[in-house]
1. Give me the dipole magnitude in Debye, nearest 20, for the range 232-334 about the Cα centre, with unit charges on the beta carbon: positive for Lys and Arg, negative for Asp and Glu.
2. With the Cα gyration tensor of the range 247-304 in hand, give its eigenvalues times 5 under a square root as the equivalent ellipsoid semi-axes, listed largest first in whole angstrom.
3. When the chain is modelled as a GNM with alpha-carbon springs shorter than 10 Å, which of T180, T272, T13 fluctuates the most?
4. If exposed means no more than 16 neighbouring beta carbons inside 10 Å and the site is in a DSSP loop, what's the longest run of the chain without any exposed trypsin sites (Lys or Arg not before Pro)?
5. Rounded to two decimals, what ratio of Rg to Rh does the chain give with C-alpha atoms and a Kirkwood Rh?
6. Cross-link list K204/K225; K260/K306; K115/K225; K141/K225: which exceed 29 angstrom alpha carbon to alpha carbon?
7. Using Cα positions and a limit of under 13 Å, work out the aspartates and glutamates in reach of K283, with same-chain residues fewer than 8 apart set aside.
8. Expressed as a whole percentage, what fraction of the accessible surface of the range 308-383 belongs to carbon and sulfur atoms when a 1.4 Å probe is rolled over the protein heavy atoms?
Amino acid sequence: MEKNLIYLDNNSTTPLDPRVLESMMPYLTNQYANASSNHRFGHQAKDSVKIAREQIAALIHSESHEIVFTSGATEGINLAVKGVAEFLSDKGKHIIISATEHTAVLDVCAFLESKGFEITYLRVDNDGLTDLEELKSSIRKDTILVSVMFVNNETGVIQPIREISNAVHESGALFMTDGTQAFGKMLIDVDDLGIDLMAFSGHKIYGPKGIGGLFVRQRRPNRVKLTPLIHGGGHEKGMRSGTSNVPGIIGLGEAAKIAKKEMVKDRQAISTLRDELESKLLKIPDTFLNGQPEKRLYNVSSICFKGADADAIMIGLKSIMVSNGSACTSTKIEPSHVLTAMGLSEEDAYSTIRFSLGRFNIQAEIDKAVDLVSHVVSALREMID
Ligand SMILES: *Cc1c(COP(=O)(O)O)cnc(C)c1O
């Protein structure tokens, strides 16, 4: 890592845990076998992939055959939404999603809209939470899928997943959730929560980039069937063909194992730092927090510095890496759709910074960040006055 760099952008991506790298090294060097090869060397790779699949299943209380490896959450989301839409298009063409979904979900649904599907976008309240009554009244006979993200990447807001899945299942539709920001950071029991499909990613939990997966329920209450996106060879039970990314899969498995073992410890350490950062930054005049304070994940803080432009703040912060809204939309000059859906004005959305902490942050970094942010924000405001 660049010297003196303070990385507070862990919701965009996380550094690779050295233990994960170590677990991958053999598969990047000597153990290069194709996991589908029918010889002893191939069988070794296959056995290692099996263990990784079990480690991931253990983290979300699923069966290991319900895990499909993909190149990341975006592909998992594409597979889930397009795969179900295609498979169930005779049953109905109506899909419901939340307005604050990640662009991966939004863009897939926009594509399906152009192919004749109808999409309903659920509003959120000022706290970023989905209204259950609005969800219930939006469900129709021809609704095939409802997708509401688990934890929002910009604000950390946690949706009431169990209540949502109950309402969805009463109607016979499938319930999917983008679990990318929840996976590995909080307890997830896909049975208890009534999840039918859940996408996740390696690089958000200190694993490698280019690997992720999709949980596809194969037991009560729903044996989910979907049409694959990628054909050829029938890997991953025919749901995702292509030679397995063995080093990536091993790394994701190790990252999942560490996340399960150290979840409580991570939570305590990270939430202590986050709470301190947040309470000190909110002492700066004319600031406010985005998202329901109690119903948020412990590592994120989305703060509006009224009257100070987020891009200008980021330039002033120099070696402190944060985000203005979501990195995935930061190439577009539009205010964050998540924040505007929560009722923020465009101006306040443009003045919001997301701080997202991770396993490797330390106290000294928080102290520095508080000092520098306070300094930069007041300097910017003085320039305007
Ligand atoms: C990062 C992220 C994604 C995309 O994940 P990739 O593995 O990079 O494709 C999707 N949804 C959420 C909520 C994310 O934070």
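The values are calculated or read from the model by the stated rules, or taken from the named source; none is laboratory data. For clarity, every value in this text was computed on a predicted model and none was experimentally measured. Counting neighbours? That spans all protein chains shown, and the Cβs are built from the backbone with ideal geometry, glycine included. Just the protein is used for accessible areas: all its heavy atoms, side chains included, with ligands, DNA and RNA removed. Shrake-Rupley method; radii C 1.70, N 1.55, O 1.52, S 1.80 Å.
1. Numbers: 15 positive and 12 negative charges, 73 e Å.
Charge dipole, the range 232-334, about its Cα centre: 340 debye, nearest 20.
2. The equivalent ellipsoid of the range 247-304 has semi-axes of 31, 12, 9 Å.
3. For the chain, modelled as a Gaussian network with Cα springs under 10 Å, the answer is T272.
4. Values: sites that count: K3, K91, K115, R123, R140, K141, K209, K225, K283, K295, K306, K318, K332.
The reported range is 4-90.
5. Details: Rg = 21.2 Å, Rh = 21.6 Å.
Dividing the radius of gyration by the Kirkwood radius yields 0.98.
6. Values: K204/K225 27 Å; K260/K306 39 Å; K115/K225 20 Å; K141/K225 19 Å.
Those over the limit are K260/K306.
7. Counting by Cα, and skipping residues close in sequence, K283 has these aspartates and glutamates nearby: D275, D371.
8. Values: 2100 of 3590 Å².
Roughly 59 percent of what the probe reaches on the range 308-383 is carbon or sulfur.
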